[in-house]
Amino acid sequence: MILYYAPGACSQAPHILLHETGIDHDARRVDLKSHTLDDGTSYYDINPKGAVPALQLDSGEVLTENAVILQYVGDRAAWPEVLPPLGEFRRYRVLEFLNFITTELHKRFGFLFNPNATDAFKQFVIADLRKKLDYIDGQLGHGPFLMGEQLTLGDPYLFVIAGWAEKMIGLDQWSNLSAFRERMMKRDSVRNVLKFEGLLKEEAPVD
């Protein structure tokens, strides 16, 4: 399968999950300004919506929408904790968090990234975001993950959101979310993806 991504975008969440679960994949970078791939071909030929992520399966089928791609990967991981099987109520708790992140957090940050949004409108959005982040900070508690001891679908996605929040709002008000981001930063899957996307410098070897 091939994941189409843009550095630092929400596509980072399935990118991390693919590394976390060890599912074999390729990853191809998308320039979201020109909507082209590195070889100059149009990304619209892959995803007519023009957004990342997109996941091209071996069959040629293409999946879009971040929450759906995360669920698809979760269902194929040899790791039932990341997305419990059908029939287990915990599965729906995992999907509940996933949908909260995509609808209540991600979509609001989308307004902040819009260059046409006025400062007044952005402040309105930030005020609303603070309430949503209050909720997720309370749900995290001491973690280490959203649902306690096991990493699930929402965690890589929340890591991306926490990074956006850190840059655009700051995380001083949300100590649990800040600590969660720091814990996630120590995971090999996260560091590998950040390096691959050019967002984490190679560490100098220790003499």
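Condition test on V73, is it in the same structural domain as Q139 (by TED's automatic domain parsing) and in contact with a Pro (Cβ under 8 Å, 6 or more places away or on another chain)?
no
Mind listing whichever residues of the range 1-37 are of a type in the set (V, I, T), within 19 Å of G60 (Cβ to Cβ) and touching a helix residue (DSSP H, G or I) at 6+ places or on another chain (Cβ under 8 Å)?
Correct list: I23, V30.
Test of understanding: among L86, L32, L57, which residue is surrounded by 13 or more Cβ atoms within 10 Å (Cβ to Cβ) and not charged (D, E, K, R)?
That would be L32, the only listed residue that is surrounded by 13 or more Cβ atoms within 10 Å (Cβ to Cβ) and not charged (D, E, K, R).
Suppose we filter the range 148-207 for residues that are under 17 Å from the mean Cα position of the chain (by Cα), surrounded by fewer than 16 Cβ atoms within 10 Å (Cβ to Cβ), basic (K, R) and over 19 Å from L112 (Cα atoms); how many remain?
3
Of the numbered conditions (1) closer than 25 Å to V190 by Cβ; (2) touching a Leu at 6+ places or on another chain (Cβ under 8 Å); (3) of a type outside the set (D, E); (4) assigned to a helix (DSSP H, G or I), T152 satisfies every one except a single condition; which is it?
Here T152 clears every test but (4).
State all residues of the range 172-204 that are among the small types (G, A, S) and touching a residue at least 12 places away in the same chain (Cβ under 8 Å); if no residue qualifies, say none.
Of everything in the range 172-204, those that are among the small types (G, A, S) and touching a residue at least 12 places away in the same chain (Cβ under 8 Å) turn out to be S175, S178, A179, S189, G198.
Has the range 93-115 got any residue that is outside the structural domain of D24 (by TED's automatic domain parsing), acidic (D, E) and surrounded by 15 or more Cβ atoms within 10 Å (Cβ to Cβ)?
yes
What pairs come out if I take residues in the range 128-148 that are in contact (Cβ under 8 Å) with a residue 60 or more places away in the chain and assigned by TED's automatic domain parsing to the domain that holds A162 and pair them with residues that are in a loop (DSSP other than H, G, I, E, B) and surrounded by fewer than 16 Cβ atoms within 10 Å (Cβ to Cβ) whose C-beta lies under 8 Å away, six or more apart or interchain?
Within 8 Å, no pair qualifies.
The values are calculated or read from the model by the stated rules, or taken from the named source; none is laboratory data. It should be emphasised that the depicted structure is a prediction, and the values quoted were computed from it without experimental measurement. Don't worry about glycine lacking a Cβ; one is built from the backbone with ideal geometry, like all the others, and counts go over all protein chains shown.
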